[in-house]
Amino acid sequence: MNKKVKIILVSLCIIIILLTILAIQKNKPEEENTNLKIVSSFYPIHIITMNLVEGAQNVKEVSLTQNNVGCLHNYTLSTLDMKKIENANIFIQNGLGLENFMDKILQANKDVKIIDSSANITNTLQNNENVNPHIWTSIENYTKQVETISQKLCEYNPENSLIYKSNCEKYVQALNELKAKYDEQLAKLNSKKAICLDEALVYLANSIKMDVTYIETNHEESTLSADTMKNIIEKMNKENIKLIFIGEENNLSNAQTLANETGAQIIKLNSLLSGENNKDEYINAMTENLEILKEIGEK
């Protein structure tokens, strides 16, 4: 083999090696090429974080769970979930015991920084001595969650603090405008009575000063016992309660039985437990809820 052929072969080998290296680099998961990985526990927290990290440099944000998972009560972490946690820098939770797997999060990644979005919430509700953790359906509470997460992101990632603060201000302004519409347009619902079969909606009803009675359905929408149904029906008839709140994702079984016995109206509202992967989804869903509630107040 002459010298010229050897040079050509060596050159080809070098080119092949370089192309292989470039291909490997190109196909590396995006999260491996970022400096900071943020994992949000589930849908409402994911929406907040999407808004706050928009435009942040070298940041990757993912939701631990799928957007259609719903409530995290009794949720079991999957292998894919654990892989997301292994190389995460920050984990953002709703708090108040909703994420009952936090011990596993810390076992999988002892260095991950935890942000508890409920840290500044003071108006928590209780049912049978258990705290209701579904705080986000109150716009006031949700706004505090946004501010708490923003403050901690600034602390843990100061390089992007100006972006977090700016995004927080814009989002809070939009939320305050929405809250003002609720206060103004739903004043007629103050003290109006309702039965609520979805604990995620209790905070929403309370925020507009409705007199709501929550009936626990243990998250599986199981049929209520005959005695429980009898007591609810008696209460509704005695107090002339003509509204029943349920979440869009709930089945109608219990609500329909109550409605048939009392003549009450079933109101389906969005509890923000699932939805589109869209940073504006909270505003959109709560605006839709506003329009539904306005119709009740006008009757």
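The values are calculated or read from the model by the stated rules, or taken from the named source; none is laboratory data. Not measured: the values here are computed from a predicted model. Because the Cβ atoms are built from the backbone with ideal geometry, glycine has one as well, and the counts that use them run over all protein chains shown.
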Check your understanding: Within the range 283-299, which residues are closer than 28 Å to V53 by Cβ and either crowded, with 18+ Cβ neighbours inside 10 Å or not acidic (D, E) (or both)?
Key -> I283, N284, A285, M286, T287, N289, L290
Study note, to complete from the structure: Contact list, first residue from the range 72-100 and free of Cβ contacts under 8 Å to residues at least 12 places away in the same chain and closer than 23 Å to K152 by Cβ, second anywhere and loosely packed, with under 12 Cβ neighbours inside 10 Å and of a type in the set (S, T, Y), beta-carbon distance below 7 Å, six or more apart or interchain, is none
Review point. Hey, any hits in the range 154-163 for a residue that's in contact with a helix residue (DSSP H, G or I) (Cβ under 6 Å, 6 or more places away or on another chain), within 20 Å of V62 (Cα to Cα), assigned by TED's automatic domain parsing to the domain that holds V62 and in contact (Cβ under 8 Å) with a residue 24 or more places away in the chain?
Key: no
Practice item. List the number of the failed condition for K238; all other conditions in (1) of a type in the set (D, E, K, R); (2) under 29 Å from K181 (Cα atoms); (3) part of a helix (DSSP H, G or I) hold. Key: (2)
**Study point:** Positions within the range 59-114 being among the aromatic types (F, W, Y) and farther than 12 Å from S40 by Cβ, in sequence order
**Key:** Y75, F101
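Condition check ((1) modelled with pLDDT under 95; (2) within 26 Å of N278 (Cβ to Cβ); (3) assigned to a loop (DSSP other than H, G, I, E, B)) across all residues:
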position	(1), (2), (3)
G70	yes, yes, yes
H73	yes, yes, yes
G97	yes, no, yes
D111	no, no, yes
S118	no, yes, yes
T122	yes, no, yes
Review point. Quick one: would you say S225 is loosely packed, with under 14 Cβ neighbours inside 10 Å and in contact with a strand residue (DSSP E or B) (Cβ under 7 Å, 6 or more places away or on another chain)?
Key: no
Practice item. Kindly check whether there is at least one residue in the range 141-148 that is within 15 Å of L272 (Cβ to Cβ), at pLDDT below 95 and in contact with a helix residue (DSSP H, G or I) (Cβ under 9 Å, 6 or more places away or on another chain). Key: no
Revision key, fill the gap. Selection over the range 250-282 where residues are crowded, with 17+ Cβ neighbours inside 10 Å and either of a type outside the set (V, I, T) or in a helix (DSSP H, G or I) (or both) yields a count of 18
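Listed here are the residues, each with its yes/no results for (1) of a type in the set (K, R); (2) closer than 21 Å to L258 by Cβ.
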residue: Q126; (1), (2): no, no
residue: A174; (1), (2): no, no
residue: E177; (1), (2): no, no
residue: A180; (1), (2): no, no
residue: L204; (1), (2): no, yes
residue: K209; (1), (2): yes, no
residue: Y214; (1), (2): no, yes
Check your understanding: Out of the range 33-68, which residues are part of a loop (DSSP other than H, G, I, E, B) and surrounded by fewer than 20 Cβ atoms within 10 Å (Cβ to Cβ)?
Key -> T34, N35, E54, G55, Q57, N58, Q66, N67, N68
Check your understanding: Which of (1) of a type outside the set (S, T, Y); (2) without any contact (Cβ under 8 Å) to a residue 24 or more places away in the chain; (3) part of a helix (DSSP H, G or I) is the odd one out, the single condition K209 does not satisfy?
Key -> (3)
Practice item. Name the one entry in L273, L252 that is farther than 19 Å from N132 by Cβ, at pLDDT below 95 and not β-branched (V, I, T). Key: L252
Study note, to complete from the structure: Residue set T137, T124, T148, T143; condition more than 27 Å from G55 (Cα to Cα), touching a residue at least 24 places away in the same chain (Cβ under 8 Å) and of a type outside the set (A, V, I, L, M, F, W, C); output residue T124
